[in-house]
């Protein structure tokens, strides 16, 4: 072979190898989602089979095996969708990496579910359906199975389109739809459904207003001061103390029900004491951390990063303690009905059911969580540690206010509402400053109204997608559940 032919041969070989390498790289990228789906599928199968170890080997335990597998599927979807609301702001503000957020959330969600999760859960999901209206235990089992399947499918669909939705509302819709299909519209507790429908509006509005209020406070009392560092040394320990007190109250009310029952006045006292102690600890730490910082906005972000990480961890713990039990409620109801041959409005949650819920959330978060974390953290509006801190604080405060008022609210709606509140406040504030400055500037340098309208700080496409998903969650899950119940009853009853 001549030198010329050899050069041509090696160039051809290099091109072929390059094509093979590119093909392998493309295959690896396309296979990545399949790996996640495969791991989730294995977990679901293992969860179903493992239920036989705890539920014996009776002829009817196949129902429990199927329910355990579906419950695991639901838990995976909660991890993929719901947990993003707690970690998204911290990741979007660059206070946490994606890997760090996933690790913290997985540990805190699991700990919250197993250490502080409720012993007892309402199988009819917050009294939506009257238990006496479903007279047959087998009908009840298939109704709960339909609710579990429909809510899991709906949350999966919402995650696929990139919309953070309330898993609790999905379960409520599923129970309502199955109850209507089983016993008619009279079985539904419509006043309770009215309160839940009202929470669709109250939750995000209240969360957004509280977050916007804190951001306005930080802007006027820290960011716009001549000596920003001195202002931060005074106010940041107070804000951290407020955060500590609020989260102490939040965990007392929502996260420690399994350990001890605490009423609202006692929780308020705990919050005041905890807030004062945290303020005393934070003051010298903030002073030391602020030494040598330049007098500019970028320096202020450093002082809010650690409180933001802690707030995200605490929100995840409280979410695991509070929401996992709601999600596995239908599974607990099925297990109880199969074991005792009867149904009840409230049942004890077996520890193995909580384990499925806790580990399923961790798997869902690790395998599929980054998509919604990015959506909440960076694709709705731009967040920094101060804005994200306001979102996290508003989530805890809004839940406490709602508990005091007796309103059923969604942590998902509150957290995402807080992100919207921060973004819309920034839009309003920037527009106001632009109008004030344009009045004193050269008319030729003014920004046209059309251009100002184009410079939106909240992405309207995501806003409309999320709002639409919130509105149709309960009716969509209900319709899906009703159809599934009719199919299950036709096939097995």
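Condition test on residue 308, is it modelled with pLDDT of 85 or more, within 26 Å of the chain's Cα centre (by Cα), under 26 Å from residue 103 (Cα atoms) and part of a helix (DSSP H, G or I)? If you could, list the steps in order and put the result at the bottom.
Working: modelled with pLDDT of 85 or more: yes; within 26 Å of the chain's Cα centre (by Cα): yes; under 26 Å from residue 103 (Cα atoms): yes; part of a helix (DSSP H, G or I): yes.
So residue 308 passes the test.
Of everything in the range 89-100, what is part of a helix (DSSP H, G or I) and either modelled with pLDDT under 85 or surrounded by fewer than 20 Cβ atoms within 10 Å (Cβ to Cβ) (or both)? Give them in sequence order.
Correct list: 98, 99, 100.
Anything in the range 419-454 that is surrounded by 13 or more Cβ atoms within 10 Å (Cβ to Cβ), part of a helix (DSSP H, G or I) and modelled with pLDDT under 60? List them, or say none.
Result: 452, single match.
Quick test for you: out of 199, 203, pick the one residue that is part of a helix (DSSP H, G or I), touching a helix residue (DSSP H, G or I) at 6+ places or on another chain (Cβ under 6 Å) and surrounded by 17 or more Cβ atoms within 10 Å (Cβ to Cβ).
On the way: 199 fails: touching a helix residue (DSSP H, G or I) at 6+ places or on another chain (Cβ under 6 Å).
So the residue among 199, 203 that is part of a helix (DSSP H, G or I), touching a helix residue (DSSP H, G or I) at 6+ places or on another chain (Cβ under 6 Å) and surrounded by 17 or more Cβ atoms within 10 Å (Cβ to Cβ) is 203.
Looking at this structure, is residue 39 surrounded by fewer than 24 Cβ atoms within 10 Å (Cβ to Cβ), over 17 Å from the mean Cα position of the chain (by Cα), within 22 Å of residue 158 (Cα to Cα) and modelled with pLDDT under 85?
Numbers: surrounded by fewer than 24 Cβ atoms within 10 Å (Cβ to Cβ): yes; over 17 Å from the mean Cα position of the chain (by Cα): yes; within 22 Å of residue 158 (Cα to Cα): yes; modelled with pLDDT under 85: yes.
The answer is yes for residue 39.
In the set 179, 194, 174, which member is touching a strand residue (DSSP E or B) at 6+ places or on another chain (Cβ under 6 Å) and either in a helix (DSSP H, G or I) or touching a residue at least 24 places away in the same chain (Cβ under 8 Å) (or both)?
Working: 194 fails: touching a strand residue (DSSP E or B) at 6+ places or on another chain (Cβ under 6 Å); 174 fails: touching a strand residue (DSSP E or B) at 6+ places or on another chain (Cβ under 6 Å).
Testing whether each residue is touching a strand residue (DSSP E or B) at 6+ places or on another chain (Cβ under 6 Å) and either in a helix (DSSP H, G or I) or touching a residue at least 24 places away in the same chain (Cβ under 8 Å) (or both) leaves just 179.
If a residue has to be touching a helix residue (DSSP H, G or I) at 6+ places or on another chain (Cβ under 8 Å) and surrounded by fewer than 24 Cβ atoms within 10 Å (Cβ to Cβ) to count, how many in the range 398-418 make the cut? Walk me through how you get there before you give the answer.
Restricting attention to the range 398-418, the residues satisfying the condition of being touching a helix residue (DSSP H, G or I) at 6+ places or on another chain (Cβ under 8 Å) are 398-404, 407-418.
Next, only the ones that are surrounded by fewer than 24 Cβ atoms within 10 Å (Cβ to Cβ) stay: 400-404, 407-408.
Number satisfying all stated conditions: 7.
With the checklist (1) part of a helix (DSSP H, G or I); (2) surrounded by 24 or more Cβ atoms within 10 Å (Cβ to Cβ); (3) within 28 Å of the chain's Cα centre (by Cα) in hand, flag the one item residue 140 doesn't pass.
(3)
Among the residues that make up the range 64-79, is at least one of them at pLDDT below 85, in contact with a helix residue (DSSP H, G or I) (Cβ under 8 Å, 6 or more places away or on another chain) and within 24 Å of residue 322 (Cβ to Cβ)?
no
Check 222, 218, 270 and return the single one that is over 20 Å from residue 309 (Cα atoms), crowded, with 19+ Cβ neighbours inside 10 Å and modelled with pLDDT of 90 or more. Talk me through it step by step, then tell me what you get.
On the way: 218 fails: over 20 Å from residue 309 (Cα atoms); 270 fails: crowded, with 19+ Cβ neighbours inside 10 Å.
One residue alone meets the criteria, 222.
Name the residues in the range 273-304 that are without any contact (Cβ under 8 Å) to a residue 12 or more places away in the chain and surrounded by 17 or more Cβ atoms within 10 Å (Cβ to Cβ), would you?
Selection gives nothing.
The rows are residues; the columns are (1) at pLDDT 85 or above; (2) over 28 Å from residue 212 (Cβ atoms); (3) assigned to a helix (DSSP H, G or I); (4) under 21 Å from the mean Cα position of the chain (by Cα).
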site	(1), (2), (3), (4)
325	no, yes, yes, yes
361	yes, yes, yes, yes
365	yes, yes, yes, yes
371	no, no, yes, yes
377	no, no, yes, yes
387	yes, no, yes, yes
390	yes, no, yes, yes
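Looking for something surrounded by fewer than 19 Cβ atoms within 10 Å (Cβ to Cβ), in contact with a helix residue (DSSP H, G or I) (Cβ under 8 Å, 6 or more places away or on another chain) and touching a residue at least 12 places away in the same chain (Cβ under 8 Å) - is there at least one such residue anywhere in the range 322-341?
Of the residues in the range 322-341, the ones surrounded by fewer than 19 Cβ atoms within 10 Å (Cβ to Cβ) are 339-341.
Filter once more, keeping what is in contact with a helix residue (DSSP H, G or I) (Cβ under 8 Å, 6 or more places away or on another chain): 339, 341.
Now restrict to residues that are touching a residue at least 12 places away in the same chain (Cβ under 8 Å): 339, 341.
There is at least one residue in the range 322-341 that is surrounded by fewer than 19 Cβ atoms within 10 Å (Cβ to Cβ), in contact with a helix residue (DSSP H, G or I) (Cβ under 8 Å, 6 or more places away or on another chain) and touching a residue at least 12 places away in the same chain (Cβ under 8 Å).
Hey, does the range 117-135 have a residue that's at pLDDT below 85, crowded, with 24+ Cβ neighbours inside 10 Å and under 18 Å from residue 489 (Cβ atoms)?
Yes, the range 117-135 has at least one match.
The values are calculated or read from the model by the stated rules, or taken from the named source; none is laboratory data. All values reported here derive from a predicted model rather than from experimental measurement. Glycine also receives a Cβ, built like all others from the backbone with ideal geometry; neighbour counts cover every protein chain displayed.
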